[in-house]
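See below for the structure under consideration.
No lab work stands behind these numbers, since they all come straight from the coordinates. This one's a predicted model, so the numbers in the text were calculated from it and none came from an experiment. As a convention, Cβ positions derive from the backbone with ideal geometry for all residues, glycine included, and neighbour counts pool all protein chains shown.
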């Protein structure tokens, strides 16, 4: 009689030890998702950077004021005018050399590789303006660098500066609007540059742009 009781007690101990060693049921697990694709920098035709998500779509949606998926010439030019106000920090109607340096150093440093940290500027980040003026001689006129195009990219042509991130092969959009090479961009020059850029993108001349008719971005896969 004692042996069956001893065996029964041993079985109970074994069962308790096995239960203690078994992992607890973690319950329902959250859905496993792969790593998010890194956001790709997009620089608008006027030179404004967009760094979060689909930058091209973000720029287009913001410029398309009536949200009808058609970007008209007036809407395109109004968007350029808005960004001019960001660049013209002192509001005198001219983007001078200091303000252009602020653009290169603080708003879109990627075009010259002058910045190594995420800038706080246009395109969704905190603070839309270029901030204070950097030190240095900002009034000296600069001539366009050799090979810097001002138009729609041609196949096989190497892109530089902002051209690596945008629809047009224009390495420095602010300097690209300096029609008289004075080192200063007036509002009149800026508006003329916006009209020229719209014409370069409006290939069929119908006065509107759509996302699916815009030229492909650098590195984009061609449609099948």
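Results, tabulated for the structure shown:
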quantity: FRET efficiency estimate (nearest 0.05) - Cβ-Cβ, residue 217 to residue 78, R0 22 angstrom; calculated: 0.45
quantity: Sorted by Cβ neighbour density within 10 Å, fewest at the top, the residues 86, 94; calculated: 94, 86
quantity: Among 100-108, 55-63, the order from most to least packed when residues are scored by Cβ within 10 Å on average; calculated: 100-108, 55-63
quantity: Packing-based order for 163-172, 190-199, 208-217, using average beta carbon neighbours within 10 Å, highest first; calculated: 163-172, 190-199, 208-217
